[in-house]
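Shown next, in structure tokens, is the structure this report addresses.
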Amino acid sequence: MTDGAQDDGCPYRPIIGFYHAAHCQGKDLFARIAVFVRLTGEAPLTATILDGKALSETIRAEVALEAAEFIAKTGVTPCLAAVLVGGDPASQVYVRNKQKACEKAGLLSQLHRPPAETTTEVLLALIDRLNRDPAVHGILVQLPLPKQIQETRVLEAIAPLKDVDAFHPENVGRIVQNRPRFLPCTPLGIQQLLLRNNIPIAKANVVVVGRSDIVGKPMAIMLMQRGPGGDATVTVCHSRTRDLPALTRAADILIVAIGKAKFLTADMVKPGAVVIDVGINRTDDGLVGDVDFEAVREVAGRITPVPGGVGPLTIAMLLHNTLAAARLQQG
Ligand code: GUN
């Protein structure tokens with residue numbers, strides 16, 4: 001057998017033994033085991049790539065179209081004010097990419113760059129000014145902030161209607177109560193990637209690895225909510241989780257946002273699972289995700305690459321939220 005066409009008539013390829021076994025459930029047990037043993041000797045199939053970059057371009061084009069309609073109707077051009085404290089090279093790249101994306105979609109952007117030694121009070125004064133400025137619709141304070149800054153106070157100071165990151169406690173509370181104003185950009189991008197690739201979320205076992213305020217926590221909440229894009233059974237794992245591989249191997253959808261290069265290895269993945277890699281780690285080998293991509297792609301059914309997976313979607317959803325903020329403020 002060379003192409004996986006099996007003599008028992010099962011259409012599922014051998015590497016996806018899980019599906020193959022499930023499909024053949026009505027057949028004699030020993031015959032099924034014999035077929036499976038014979039088939040596992042075959043070359044494995046590699047996962048389909050979930051192309052976040054391509055989807056981000058689609059979403060950015062959608063936002064550009066909607067923004068043009070909004071501008072024509074209201075005479076108002078949505079504007080994002082980005083605040084970048086200090087000169088962290090990675091943060092500079094992220095903020096520059098966000099600004100470029102705004103420009104391409106026909107949105108305005110501002111960049112405010114207080115020095116690394118700035119104080120919480122100075123930052124709060126800047127936020128207050130941006131809150132009051134009717135020409136600014138969205139405010140984004142790039143994280144992480146320098147150690148001397150009280151991050152919670154700064155994020156709490158952003159006017160909830162301009163909070164395009166959805167980090168303000170009022171917006172977080174609304175998400176938890178399933179009446180969101182904004183959804184945070186990275187989890188929203190991942191949810192869109194799943195939905196638009198027709199990956200079933202309802203009833204799926206989702207495992208989120210990582211419990212950050214930016215990704216892990218909101219992602220878990222969004223996927224467990226009642227309704228479209230939700231209804232999953234979600235498990236959140238973290239650094240204190242006991243027997244992590246046993247939990248990750250139960251996942252139909254595995255979302256990894258732990259911030260450790262190549263943390264998720266092939267033995268931690270169920271054959272055929274959907275693997276979403278949120279990590280961006282700068283290593284001697286270049287940019288790598290939280291997933292050991294080359295090994296995991298031999299086991300997973302679908303997988304996001306790094307770069308070109310989740311990252312571009314985060315930016316696309318920021319544009320979406322900036323337009324949504326302008327609409328909200330327009331009444
Ligand atoms: N740093 C890493 N991700 C993010 C994000 O989504 N928003 C902000 N403001 N900072 C970040």
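I want to confirm something. Restricting to the range 128-165 and keeping residues that are among the polar types (S, T, N, Q) and either surrounded by 14 or more Cβ atoms within 10 Å (Cβ to Cβ) or near the ligand (Cβ under 10 Å from one of its atoms) (or both), which single residue is nearest to the chain's Cα centre (by Cα)?
Within the range 128-165, the first condition is being among the polar types (S, T, N, Q), and the residues that meet it are 131, 142, 148, 150, 152.
Next cut, either surrounded by 14 or more Cβ atoms within 10 Å (Cβ to Cβ) or near the ligand (Cβ under 10 Å from one of its atoms) (or both) only: 131, 142, 150.
Values: ASN131: 27, GLN142: 17, GLN150: 26 Å.
Within the range 128-165, the match that is nearest to the chain's Cα centre (by Cα) is GLN142.
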* Structure fact -> Within the range 172-218, the count of residues that are in contact with a Leu (Cβ under 9 Å, 6 or more places away or on another chain) and in a helix (DSSP H, G or I) comes to 13
* Structure fact -> Apart from one, (1) within 14 Å of the ligand (Cβ to nearest atom); (2) surrounded by fewer than 20 Cβ atoms within 10 Å (Cβ to Cβ) all hold for PRO187; the odd one out is (2)
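Those residues that are in contact with a Lys or Arg (Cβ under 6 Å, 6 or more places away or on another chain) and of a type outside the set (Val, Ile, Thr), I need them from the range 218-251; list them, please. Break it down into steps so the answer makes sense when it comes.
The first filter runs over the range 218-251 and keeps only residues in contact with a Lys or Arg (Cβ under 6 Å, 6 or more places away or on another chain), leaving 236, 238, 249.
Of everything in the range 218-251, those that are in contact with a Lys or Arg (Cβ under 6 Å, 6 or more places away or on another chain) and of a type outside the set (Val, Ile, Thr) turn out to be HIS238, ARG249.
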* **Qualifying positions in the range 225-265 - surrounded by fewer than 16 Cβ atoms within 10 Å (Cβ to Cβ), touching a residue at least 12 places away in the same chain (Cβ under 8 Å) and assigned to a helix (DSSP H, G or I)** => PRO245
* Using beta carbons and a limit of 7 Å, which pairs, at least six apart or on different chains, have the first residue in the range 53-65 and outside the structural domain of LYS104 (by TED's automatic domain parsing) and in contact (Cβ under 8 Å) with a residue 12 or more places away in the chain and the second one charged (D, E, K, R) and surrounded by fewer than 21 Cβ atoms within 10 Å (Cβ to Cβ)? -> LEU55/ARG196; ARG60/LYS104
* What helices (runs of 4 or more DSSP H) completely inside the range 3-86 contain at least 1 residues that are at pLDDT below 95 and farther than 30 Å from VAL154 by Cβ? -> 17-23, 29-39
* Asked: How many of the residues in the range 91-117 are outside any helix (DSSP H, G or I), crowded, with 16+ Cβ neighbours inside 10 Å and within 16 Å of the ligand (Cβ to nearest atom)?
  -> 4
* Evaluate the following for GLY216: is it small (Gly, Ala, Ser) and surrounded by fewer than 22 Cβ atoms within 10 Å (Cβ to Cβ)? => no
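The values are calculated or read from the model by the stated rules, or taken from the named source; none is laboratory data. Note that the structure is a prediction, hence the values are computed from the model and not measured. We place every Cβ from the backbone using ideal geometry, glycine too, and count neighbours over all the protein chains shown.
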